[in-house]
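Beneath this line is the structure, given in structure tokens, with notes to follow.
The values are calculated or read from the model by the stated rules, or taken from the named source; none is laboratory data. The structure displayed is predicted, hence computed values, not measured ones. Here the Cβ positions follow ideal geometry from the backbone for every residue, glycine too, while neighbour counts run over all protein chains shown. Just the protein is used for accessible areas: all its heavy atoms, side chains included, with ligands, DNA and RNA removed. Shrake-Rupley method; radii C 1.70, N 1.55, O 1.52, S 1.80 Å.
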Amino acid sequence: MATPKPQTPVVDIHTHMYPPEYISMLSSRASIPLVRTFPSSPDPRLVLLEAEVPALEKATGSGDANAPGTILPGRPLTRHFTSLSQKISFMDTHNISISVLSLANPWLDFLPANEAVSIARSINASFEEMCGAHPGRLYFFASLPLTSPLEAILSFITTALPSFRHCRGIILGTSGLGSGLDDPAMLPMFAALADANLPVFLHPHYGLPNSVFGKADYGHVLPLALGFPMETTIAVARMYLAGVFDAVPGLRMILAHSGGTLPFLAGRIESCLLHDAKFAGAVREQGDRRRTVWDVLREQVYLDAVVYSEVGLKAAIEASGGGKEGAARLMFGTDHPFFPPLGGPKGAEDGEWESVRLNADAVGRALGEGSEEAEMVMGGNAVRVLRLYEE
Ligand code: URA
Ligand code: ZN
């Protein structure tokens, strides 16, 4: 009798939490990111994005917020954002064996410089403790004290991070040290992360200016569906144009939301570069040695599979090299606790989430339900790339 094939674990590499000390910080803040309570809402509201500021001002500046049926700013701060047992129960409900946790946006980007290192130590220690409480099921991407002086950040990478046994990379926003990821000052940081074999999980937060979304209120749809992916796309294009990937060949990036729009726009980026006088000299001089955007996508970039459709996922796999090679660069994620089920019976949040099913179904449709490639995307790649078997 043939022995049954061991099941590849399902791994969620895009899943967030806010430890209690982070929520306490947000509760005492007067500007975003912040947590506010409203008499008409059973849960406090978590207000994170610039796009949510008009609704926040409306709700705090008038009596409207207490009228029944009023849409309050941000999102309800449910236990899904803060509770470890809720995370484990969400994993069990969705047959997720392993989660690679990360602090949700905007991470530590707003901290005063003199407090950043100590707060970063404590937040990352909370993640380490959560992982230690569920051996084999939880790992995490650490957050860096980016508002500290560069020397302190470098020392955090080389001395603090190795003490966290479950840390498998870092989560990073697009602002970097304040001037974006193409800032030459970022290079030592990227080099230190590459030396430590820690991939960068790049995640958006800042979106696009509110003005591009017009005056009408379409809720969160435009900032989240379009602003977030464009932010990621622009950040990585800037890194590519600045030569960051060539300068730090050991750098590995995992891009949220399947790379924003990069799989679709890489050809256009490449063509615009080839037809721009600014780059003509470098293109001529480098000749065949020049690495195209496609090369970088296939050599230094991984994409999560949080794109909610087979069409986007197929583009992501093609951009990553196509076939088995491309499928080896994609990793399943849920973006939990964002995008919970709305309406429905009380307790619907404790059941199956449609946002998770959309992403899992897209993998099956794009690669074949139960195929080797689908199993790689659902977990095998994460185990390999993030060394999820090592304690
Ligand atoms: N998903 C996230 O990760 N962050 C947000 O702010 C919204 C959606
Ligand atoms: Zn996310």
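Remarks
- For the stretch 166-272, relative contact order (Cα pairs under 8 Å, six or more residues apart, normalised by length) works out to 34 percent.
- Sparse packing (at most 13 other Cβ atoms within 10 Å of the Cβ) combined with a DSSP loop state is found for the following chymotrypsin sites (Phe, Trp or Tyr not before Pro) in the stretch 174-235: TYR218.
- Residues in the stretch 282-326 reached by a label modelled at ASP246 [backbone nitrogen below 15 Å; 7 Å Cα→Cβ]: 282-297
- When only Cα pairs below 8 angstrom with a gap of at least 6 residues are kept, the stretch 258-322 shows a relative contact order of 52 percent.
- Surrounding net charge for PRO44, when Lys and Arg each add one and Asp and Glu each subtract one, Cβ distance under 11 Å: +2
- Per-residue HN-Hα couplings for the stretch 87-101 [Karplus 6.51, -1.76, 1.60; θ = phi - 60°; Hz; x = Gly/Pro]: 4, 5, 5, 4, 4, 5, 4, 9, 6, 8, 7, 10, 10, 9, 6
- The residues packed around VAL248, meaning those with a beta-carbon under 13 Å from its beta-carbon, carry a net charge of -2 if Lys and Arg are +1 and Asp and Glu are -1.
- Sequence ranges 74-82, 180-188, ranked by mean other-Cβ count within 10 angstrom, highest first: 74-82, 180-188
- Alpha-carbon radius of gyration plus Dmax, which is the widest Cα pair, for the stretch 257-371 in Å: 18.3, 64
- Hydrodynamic radius of the stretch 1-155 by the Kirkwood approach over all distinct alpha-carbon pairs: 17.6 Å.
- Between ALA191 and ARG387, the modelled label-to-label distance comes to 2.2 nm, taking each label 7 Å out from Cα in the direction of the beta carbon.
- A 1.4 Å probe run over the stretch 10-143, with the rest of the protein chains in place, finds 39 Å² accessible per residue.
- Kirkwood Rh (inverse of mean 1/r, distinct Cα pairs), the chain, angstrom: 21.8
- Charge context of PRO223, other residues only, Cβ under 12 angstrom, K/R +1, D/E -1: -4
- Using θ = phi - 60° in the Karplus curve 6.51 cos²θ - 1.76 cosθ + 1.60, the 3J(HN,Hα) couplings for the stretch 136-149 round to x, 10, 10, 10, 8, 9, 6, 10, 9, x, 5, 8, 6, x Hz; x is entered for Gly and Pro.
- Ranked packing of 292-301, 9-18, most packed first, by mean Cβ within 10 Å: 9-18, 292-301
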